[in-house]
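Colleague: There's a structure below that I have some questions on.
The values are calculated or read from the model by the stated rules, or taken from the named source; none is laboratory data. This structure is a prediction, so every number in the text was calculated from the model and none was measured. For neighbour counting, all protein chains shown are included, and Cβ atoms are generated from backbone atoms with ideal geometry for every residue, glycine included.
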Amino acid sequence: MGLAAVDLYWLPLGAGGHFVRLNGRAYEALAARLQHRPARDLYHAALRVELPEGWFVIEQAPVRDLRGAERGVVAEGPVGAHWAGRFRIFRYEIRLWRGGRIPDLAEAVDSPRRLSDSEECARRVLDAVPRVPTPVWGRDEFGTGEMWNSNSVIAWVTAQSGIDTRSIRPPSGGRAPGWRAGVVVAAGEFGCANHRQRSSDEM
């Protein structure tokens, strides 16, 4: 039997980037005040899938350049508004990166978390990634009560692969905004096909 594993990593929001970290803290401070609760640490999820033929990294990230094929990019979506997606700085990419790396992995907290060691499940994870919906990042176009973001992508892929998401939680004292949106959309689809967009390599 070959090696197989599906591992989840929790990365502090903005790890390695002060701008994103500061904005994340400001967002959480405001959300905590509105919800009358203490502020929590925010986390961003990524997956690493092991198979006999190699490993794959699954993550949503900003579009870095036009060499998406080198990072296994399978889709892109707009950030903030549909019209903004015309500009590279306002697009995100979804990676299915063979032999890839997770930036700032050294800063991961309470990770990795083994979700499955089944080869069949690991292959279902890979099969799900190209089908991830790509609505506007930071908006709630599906009406789930949460904005769509990188956590939504990982939650959607995990749920679509048949992994039980009910036991998945961020590190103690932390939050993973957007996770519930991915789980809800995976269960109901919510017209996901209408939000698929071609990757830059297909355009």
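Colleague: Can you work out which of the residues in the stretch 138-163 that are of a type in the set (Ser, Thr, Tyr) and closer than 27 Å to residue 123 by Cβ is surrounded by the most Cβ atoms within 10 Å (Cβ to Cβ)? Full working, then the answer.
Modeller: The initial filter retains those residues of the stretch 138-163 that are of a type in the set (Ser, Thr, Tyr), namely 144, 150, 152, 158, 161.
Checking the rest, the ones that are also closer than 27 Å to residue 123 by Cβ come to 150, 152, 158, 161.
Numbers: 150: 25, 152: 30, 158: 26, 161: 25.
Result: 152.
Colleague: Next question, about the same structure. Among the residues of the stretch 149-166, is there at least one that is at pLDDT 90 or above, among the hydroxyl-bearing types (Ser, Thr, Tyr) and more than 15 Å from the chain's Cα centre (by Cα)? Show your work before the answer.
Modeller: Our first condition is that a residue be at pLDDT 90 or above; within the stretch 149-166, this holds for 149-165.
Checking which are among the hydroxyl-bearing types (Ser, Thr, Tyr) leaves us with 150, 152, 158, 161, 165.
Right, trim to more than 15 Å from the chain's Cα centre (by Cα) and you get none.
Taking every residue of the stretch 149-166 in turn, none turns out to be at pLDDT 90 or above, among the hydroxyl-bearing types (Ser, Thr, Tyr) and more than 15 Å from the chain's Cα centre (by Cα).
Colleague: Given the structure, is residue 85 closer than 17 Å to residue 71 by Cα and among the small types (Gly, Ala, Ser)? Spell out how you get there, then give the answer.
Modeller: Details: closer than 17 Å to residue 71 by Cα: no; among the small types (Gly, Ala, Ser): yes.
So residue 85 does not fit the description; no.
Colleague: Search the stretch 164-180 for residues being out of contact with any helix residue (DSSP H, G or I) (no Cβ under 8 Å at 6 or more places or on another chain) and basic (Lys, Arg), and hand back the single one that is surrounded by the fewest Cβ atoms within 10 Å (Cβ to Cβ).
Modeller: Within the stretch 164-180, the match that is surrounded by the fewest Cβ atoms within 10 Å (Cβ to Cβ) is 166.
Colleague: Also: So, in the stretch 128-138, exactly how many residues are part of a helix (DSSP H, G or I) and out of contact with any helix residue (DSSP H, G or I) (no Cβ under 9 Å at 6 or more places or on another chain)? Full working, then the answer.
Modeller: Within the stretch 128-138, the first condition is being part of a helix (DSSP H, G or I), and the residues that meet it are 128-131.
This time we only want the ones that are out of contact with any helix residue (DSSP H, G or I) (no Cβ under 9 Å at 6 or more places or on another chain), so: 130.
Residues in the stretch 128-138 being part of a helix (DSSP H, G or I) and out of contact with any helix residue (DSSP H, G or I) (no Cβ under 9 Å at 6 or more places or on another chain): 1 in total.
Colleague: Here is a further query. Residue under question is residue 99, and the condition is that it be under 25 Å from residue 48 (Cα atoms) and not basic (Lys, Arg); does it hold? If you could, list the steps in order and put the result at the bottom.
Modeller: Working: under 25 Å from residue 48 (Cα atoms): yes; not basic (Lys, Arg): yes.
Taking the combined requirement at face value, the residue satisfies it.
Colleague: State yes or no: is residue 135 in contact with an Asp or Glu (Cβ under 9 Å, 6 or more places away or on another chain), surrounded by 18 or more Cβ atoms within 10 Å (Cβ to Cβ) and modelled with pLDDT under 95?
Modeller: On the way: in contact with an Asp or Glu (Cβ under 9 Å, 6 or more places away or on another chain): yes; surrounded by 18 or more Cβ atoms within 10 Å (Cβ to Cβ): yes; modelled with pLDDT under 95: no.
When the stated conditions are applied, residue 135 does not pass them.
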